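Below: the structure, in structure tokens.
Since every read-out is calculated from the coordinates, none of them should be taken as a lab result. Source: prediction; values computed, not measured. Neighbour counts are summed over all protein chains in view; Cβ atoms, including those assigned to glycine, are modelled from backbone coordinates with ideal geometry.
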Amino acid sequence: MVTPTKDKKPENKPVIGMSVKGNPEIWDDEWVKTTCGGCYGQCTIRAHRVNGVIVKINGEPDNDFGPRGGICAKGEAMIQALYDPNRYNYPLKRTNPKKGLFEDPKWERISWDEALDEIAKRLKKIRAENPHKLLHGGTPGPGSGPDLPLGFGVFGAVFGTKNWYVGGAGLHCGSGSHMGAGLYHASWSIVPDFKYCNYAIQMGSNKGTASGHSMGFNMRLAADARSRGMKNVVFDPICNFGGGKATEWVPILPGTDGLVAMAMVNIILNELEVYDVEFIKMKTNGPYLIGPDGKYVRDKETNKPMVWDAKDNKAKTFNDPSIGDFAIFGEYEVNGVKCHPSFQLIKDHVKQYTPEAAEKESTVPAATVRRIAQEWADAAMIGATIEIEGEKLPFRPVSAVMFRGGQGHTNSAQSYCAMCLLNGIVGAMDVPGGTLGWPAYVEGHPDTGRFRVIPYACKDGMLTAGTFMEHRPWPIEDSQVPYTFLMKELTPTASFSPHPVTSDFDKYWDKLGRPYEIEMAMIFGANMIRSTQSREIAGEFWGKIPFIVTFNILPNEFCEGYADIVLPDCHPLEAYCLFGTHGPFFNHPIGMEGWNFPIRQPVVQPQYERRNKLEVLWDLADRLDMRAEMNNYYNVYFTSFGGEALIGGDIDSIRHLGDIDPKKVVQLIGPDEKITYAEMTDRALKFYFGDEHGLEYVSEHGSVNWPKKPKEAYWRWYVDVRIPIYMEHIAELREDVMKNAEKAGIELDWEQFTPLISYFPPQVGKELSGEYDLYCFSYRDILHNGTYTMEMPWLDEVSRLNPYTYNITMNTAMAEKKGLKDGDLICLESPYGRKTTGTLKTMQGQHPQTVAISACSGAWAKGAPIAYGKGTNFNILLESDFKHACPVSWSQETAATVKVYKIDHRIEFDGAGGDKL
Amino acid sequence: MSQIKPYDFMVKYQQQKDWIDGRGNFIAFAFFLGGISGGLYLAAAYFDSLLGMFVAWLLSLLMGVSYMAHLSHPFRSWRMFMKPGTSWIARGFIFIMLFIGLTTIQLILSQWVPEATGAITVLKVLAGIFAFAQSIYTGFAVSYVSAIKVWNSAIVPILFVTCGLSGGLAILLAITMGGDHAQLVMLENVIRVVLIALAIIIGVYLWNTTYSSTAASDAVKRLIGGSLALLFWIGVFLFGIAIPIIISITSYFAGEASSGLLITAIVSEIIGGLALRFAILKAGMYTPLLPAE
Amino acid sequence: MRWGMAIELKRCVGCYECVLACKAEHFLPPDIFWNRVLIGETGKYPTVTKLIYNVRCNQCADPACVKVCPTGATQQREDGIVWVDEDKCVGCRYCMIACPYQMRMMYEDENAQYFPGQELTEHEKIGKELYPHQPGVVQKCVFCKERIDAGIEAGLTPGVDREATPACVISCPTKAIHFGDLDDPNSEINRIIKEKHGHPFHPEFDTDPSIYYID
């Protein structure tokens, strides 16, 4: 793309589509199609460049990857991040040897060569000794992402380290939900099929109102659904985003969503007895026979799980073509043991979850649970079908979804699976109207058949994702004695780990004999101090690492307090990005929305010495003689979407490169080639979508689009796969995990390793006492993402115009009871003595036993003057250890118990060095 | 109340700021000056006090200055003649200009050509009309604003005129002090009547307004018992009505008041008149756009 | 011809993009808003309804601001759009006082910048060329009249073609705002208002707004 200059004026075009006063000279007036980098959503946008300056962002109206012409405020405000005078423009080196929360780094400008030589020197040494001594990590901030499968984490993985730490993940997103969505939908997350759904239940989720993932198209589709009259029941402690757009807001105590879901399952199975028998028989492991040990009864010859054929009255392997009718009830004797179909066990097991019991813990009235269960079961229309584009499909217009709020507790995995069970028993999974995963099934571009991913059945006939990220939800890997700093290999069901940024990590590492130490960290984009649980615990960990390199566009608490070298990254409006998402299962539009493959491209050229971090990583790879390995990884990755070299996911696939037949890998990049990002993008696009759809085409059109088939949108009955509503694998895993954990001295809540989906009270509830009598939680604000959005003046302005964004909220009556009123400066203190402060705003729409803080505010970085001191940093209150993590998914406990009292100043800013607050 | 939280903008009851905060203060002064200038001219014309009429002319000029000080583009003020058809500010501007113009000629004639009685009388009548107009328009400018319920009352112009008249009379009293005794007594009698009328009008206004709308009754509550109570009871009631009336009634029974007492009454009344404009302007509240909690 | 809007409250989630779309479109200085999102709640726990209202100048057919303006700076076009001729405004603020919706603002501090004490951003600098604002005069939403005028001249239809439609309307991610000609009985916007029972915000203000809300 050629940027016009003043002396190379294009022919006179009338100025339309912009507000102009008078007759200013306009020598450059271009709308460039690209993607937004404001959040994970990666909506397609058009950026308007006038006289070399980006003046406006519009949503892209011509494809489905976003709000079709609309955009959110964060996306618009990205202009201000681009032009922020505080941006990092040159490589910087820390001259203050001291590191700490409030330390001034005393940056000194250095050259790129100086920076990269220094980094490469250290990396070389580490790679020779033990690559695991490098910790790499990050979450996509603006400009630092995502490029998920190409940059984000890949460099470190090729380098050979398994220490990949995603800052604040599990805190902001959902370890339990990624595990569960992977297991049940072969996808990263789930969304109601807004187009056809008539009754949606949201548990601690802001789908369509503020969520980051798939935010754009969700907002659009959810609005259509509300306008159409979809019933939307939102269980949430606060009536702000999700609750605020509900047709019925049901206040609930944090961490008890799973119990309400279980109570509804109980009512549906045991009181109403309306469930989708065919779905349970054909699409779940409901018919699989479970022995007295809680595990499958397996065929002695083939080791396949057995089912009972009610027609022939005998046991058969689950996929025996002769089965006449799968029994889902009763007691049988097979292989000399008494056994039951797992569905029978589930149905009996859930009887304990009465709505009355649920009311006690959750405060949701039993009558409400009963009514909603009844309404939901009625709305499910079990047996109904619908015709879409000539295909007759099951029609189940009900959907339950949960995200971070509902499952961000120590019962994360079980609570999320409980919600999935609700969808499963009525067959509302990946069928019209039901709960849809982000597209897990794509047959490929019509011209080439590439960009093809199909879910399939493997071990025990269970659903297996065609591609995934990080870990494979199925088949479950074996448990191992921890050998990484993340220790996640101990529990392979976990998506993300809070370790090593925990207060108990050293205890376990000591017990393991401290096999090695982290000598260097490379962090992309994330704010590892403000956006992770407990800045004290985090500060202690990062402070000990001898050398830290970060890529970022804007100063933040982590860069200032702990980084030794900062490399200036490009802003999304200055950069190429081939993979805005991770693959179709991550963030692509759902249902019959079209297939779109958009790319990001620079709208303006990067100024100063900012560089695209991927090309920087390649420079480093050159210095380490690692470029050929990187190129090979890319070849494998690109080839995998298309079926030949089918691999699990980006980082995972690097680790399994040896398993891949090199003959199936297309050489898009020669081992010795040193190509630019643009060149790689061009080759990948041509490979996927044909020669005519290279970079030139996509630069002009923004994306490659093709229609989706009903079979792809609603794939569930087109693929012969089942889902584990009975989580036998967890029972199977338990013994190994226990054995391996013992070696590290790790104690987990072993009870949660149960195959029968159950409710376990969250840790936060256990810490409630007379003194610490309120639950405190944080939730996503529609105006903010991560921490960097706080530094954008427009967002700051409207945040101040919002009653909740910068304030701590409490129920009006509860505040009154505590002698507090609007505008009071209050302190929240946890039982562990952690304190944070802020301004109180009371509201009716909040559970009386809760205190809430939105977004991730309370900045103290010196280089972020707009964000400084605004709002309240919730994360300060959190603990970080195994006690406060879900044993199965390792999700963090994202709520804390607190006591609330008035205070005279903002103590968490004492020593921050900025204005006294 | 003017310090509402940004997120309460038009979500909660909200005081108008544009005609009270910062430069907005000059509007209150201008309205006050317009009122007393008009009142003084009418009284002075009636009692044929050349000095009174001259002071009224000065006060009107001051009103103009105060007005200019309020504008962010005073050099464009000539444009304010453009829309007398619908705008009370435009009308007022014209009234002020005409009043000043007519009074200027009348004063010149009265001072240097006193024999031109015919012309002077005509000018006096014309100037008197615009004196009245200049006084009452300040009330109309306010009462025209239907958005602010406490202002949107037909009583406001009467209130402003009466208040201006009482202030004008007080100034005339000061000018006349030490002069013609009979005139002084007569003036005092008129003042008593006007003061009592003012007290009644204020009472009726508040009473009437209380029942007109929630926003208005809320404003009245703030005036008599809320954040504006001090301004209202001390400024408007004590200075504007109570002290002058007490002194005036005492002097009626005593037959003669000391000049010290009279000066107290005069100053007190002027303070009261100013306080009334501030009180009414500050009481201006907008109705929230969202349903109240 | 009378331009109007219909805002579907059910669709709006309160994301503030309409506010920022306007700020970017018109390079509005800090603390100046031509439209706003008002947020509140009604009811008592646990029966609570969150309220989100996107508000801007209602471009009233019977506008109080036009009447009170002493100079004629505030004026109404044939197509109903109420705007302020910056060169004629004296800054008496009568229009700000008179608007019952409080949708007018005075731009006072011409030195205000988005990053106080630092350099002006390139976006702010180019804004001073493309859409300069005069200090000391009253500002308000003008329904993006420049977009409408240039669009019509280019043969486009406001409300249908993006380029000729106000910035907030086309930027809304939930498509909550519709735009069109209220005088045309067959227009899409009239159909929506009729079908979905649109009503003006606070009709008791008696100014005949051109913006309709749909509950």
Go ahead and collect, in residue order, the members of the stretch C:96-123 whose backbone nitrogen is under 14 Å from a label point 7 Å along the Cα-Cβ direction of residue B:213.
C:97-102
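Where both residues lie in the stretch A:763-909, what percent of DSSP beta bridges are antiparallel, nearest 5? Present the calculation step by step, with values, prior to reporting the outcome.
Values: 17 of 27 bridges.
That works out to approximately 65 percent antiparallel.
Would you mind classifying the stretch A:291-347 by shape? Square roots of the alpha carbon gyration tensor eigenvalues, ordered a ≥ b ≥ c; an a/c under 1.5 is rounded, otherwise it is prolate if a/b is larger than b/c and oblate if not. Before the final figure, lay out the partial values.
On the way: a/c = 1.66, a/b = 1.11, b/c = 1.50.
Oblate, because a/c is 1.5 or more while a/b does not exceed b/c.
Between residue A:333 and residue A:769, what is the FRET efficiency for a Förster distance of 56 Å, r being their Cβ-Cβ separation, to the nearest 0.05?
Details: r = 51 Å, r/R0 = 0.90.
Efficiency, from the Cβ-Cβ distance: 0.65.
Starting with the highest mean, order A:358-365, A:37-44 by the number of other Cβ atoms within 10 Å, averaged over the residues of each peptide.
Values: A:358-365: 19.5, A:37-44: 29.5.
Going by the mean number of other Cβ atoms within 10 Å, highest first, we get A:37-44, A:358-365.
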Put in order of increasing Cβ neighbours within 10 Å, starting from the fewest, A:31, B:19, B:88, A:618 give A:31, A:618, B:88, B:19
The farthest towards the positive end of the charge dipole of chain A, of the residues A:827, A:566, A:675, given +1 on Cβ of Lys and Arg and -1 on Cβ of Asp and Glu, is A:827
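Going highest first, how would you order B:76-84, A:779-787 by mean Cβ packing within 10 Å?
Values: B:76-84: 18.0, A:779-787: 26.4.
Result, highest mean Cβ count within 10 Å first: A:779-787, B:76-84.
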Under Karplus coefficients 6.51, -1.76 and 1.60, residue-wise ³J(HN,Hα) of the stretch A:863-868 in Hz, glycine/proline x:
x, 10, x, 6, 7, 3
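Just from its helices, what would the mean residue ellipticity at 222 nm be for chain A, if runs of 4 or more DSSP H residues each count -39500 (n - 2.57) and the sum is divided by every residue, rounded to the nearest 500 deg cm²/dmol?
Values: 25 runs with 238 residues, N = 917.
Mean residue ellipticity, 222 nm, calculated: -7500 deg cm²/dmol.
By DSSP, what percent of the beta bridges with both residues in chain C are antiparallel, rounded to the nearest 5?
On the way: 23 of 27 bridges.
Antiparallel bridges: around 85 percent, rounded to the nearest 5.
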Please work out how much length the chain gains when fully extended from residue A:278 to residue A:700, using 0.36 nm per residue of separation minus the C-alpha to C-alpha distance, in nm with one decimal.
147.1 nm
Mean separation of Cα pairs under 8 Å and 6+ residues apart, divided by the residue count of the stretch A:577-720: what relative contact order is that in percent?
33 percent
Within 10 Å of each Cβ in A:797-810, the average number of Cβ atoms from other chains:
5
If a paramagnetic tag sat 7 Å from the Cα of residue A:915 along the Cα-Cβ line, which residues of the stretch A:868-903 would have the backbone N under 11 Å from that point?
A:868-870
Search the structure for amide H atoms under 5 Å from the amide H of residue A:879, placed 1.01 Å from N in the peptide plane, and list their residues when 5 or more places away or on another chain.
none
Can you return the lysines within cross-link range of residue A:338? Criterion is Cα-Cα under 25 Å, with same-chain partners fewer than 8 residues away left out.
A:281, A:283, A:295, A:300, A:304, A:311, A:314, A:316, A:347, A:351, A:459
Amide H neighbours of residue A:135 under 5 Å, at least 5 residues apart or on other chains, H built in the peptide plane: list them.
A:519, A:520, A:521, A:522
If each residue's Cβ is checked for other Cβ atoms within 10 Å, how do A:452, C:191 rank with the fewest at the top?
C:191, A:452
Just the number, please: percent antiparallel of the DSSP beta bridges in the protein assembly as shown, rounded to the nearest 5.
65 percent
Of A:743/A:766; A:821/B:5; A:231/C:44; A:841/B:17; A:488/A:835; A:360/A:766, which pairs sit farther than 18 Å apart, going by alpha carbon to alpha carbon?
A:743/A:766; A:231/C:44; A:841/B:17; A:488/A:835
Just how far, in whole angstrom, is the stretch C:45-100 from the stretch B:192-221 if you go by their alpha carbon centroids?
29 Å
Could you tell me the relative contact order of the stretch C:3-214? Use alpha-carbon pairs under 8 Å, at least six residues apart, and round to a whole percent.
30 percent
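Could you line up A:193, A:29, A:661, A:430 from fewest to most neighbouring Cβ atoms inside 10 Å? Each step should come with its number before you reach the end.
Details: A:193 27, A:29 20, A:661 8, A:430 33.
With the fewest neighbours first, A:193, A:29, A:661, A:430 line up as A:661, A:29, A:193, A:430.
What is the calculated FRET efficiency for residue A:25 to residue B:81, with r their C-beta to C-beta distance and R₀ = 35 Å, to the nearest 0.05? All intermediate terms of the calculation are to be shown ahead of the outcome.
Values: r = 38 Å, r/R0 = 1.07.
It comes to 0.40.
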Protection proxy ranking of A:313-323, A:893-903, A:576-586 - average other beta-carbon atoms within 10 Å, highest first:
A:576-586, A:893-903, A:313-323
If I take R0 = 45 Å and measure r between the Cβ atoms of residue A:625 and residue A:295 in this structure, what FRET efficiency does the formula 1/(1 + (r/R0)^6) give, to the nearest 0.05?
0.40
Degrees between helix B:50-70 axis and first principal axis of chain B (Cα, 0 to 90, nearest 10)
30 degrees
Return a whole-number percent for the relative contact order of the stretch A:763-909, with Cα pairs under 8 Å and 6 or more residues apart as the contact set.
35 percent
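Across peptide C:32-43, how many C-beta atoms of other chains are within 10 Å of each residue C-beta, on average?
Details: counts 1, 4, 0, 0, 5, 5, 10, 10, 13, 13, 6, 6.
Per residue, the number of nearby Cβ atoms from other chains is 6 on average.
To the nearest whole number, what is the average tally of beta carbon atoms from other chains within 10 Å of the beta carbons of peptide A:219-231? Please report the intermediate quantities before stating the final value.
Details: counts 9, 5, 1, 3, 10, 3, 2, 7, 8, 1, 1, 0, 0.
Mean partner-chain Cβ count within 10 Å for A:219-231: 4.
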Compute the distance in nm between two label points, each set 7 Å from the Cα along the Cα-to-Cβ direction, one at residue A:96 and one at residue A:322.
7.8 nm
Karplus couplings for the stretch B:283-289 from phi (6.51 cos²θ - 1.76 cosθ + 1.60, θ = phi - 60°), rounded to Hz, Gly and Pro as x?
6, x, 10, 8, 6, x, 7
Amide proton proximity set for residue C:51, modelled H, under 5 Å, gap of 5+:
C:40, C:41, C:42
For the stretch A:393-409, Karplus couplings with θ = phi - 60° (6.51, -1.76, 1.60), whole Hz, Gly/Pro x:
10, x, 10, 10, x, 10, 8, 10, 10, 9, 9, 3, x, x, 10, x, 9
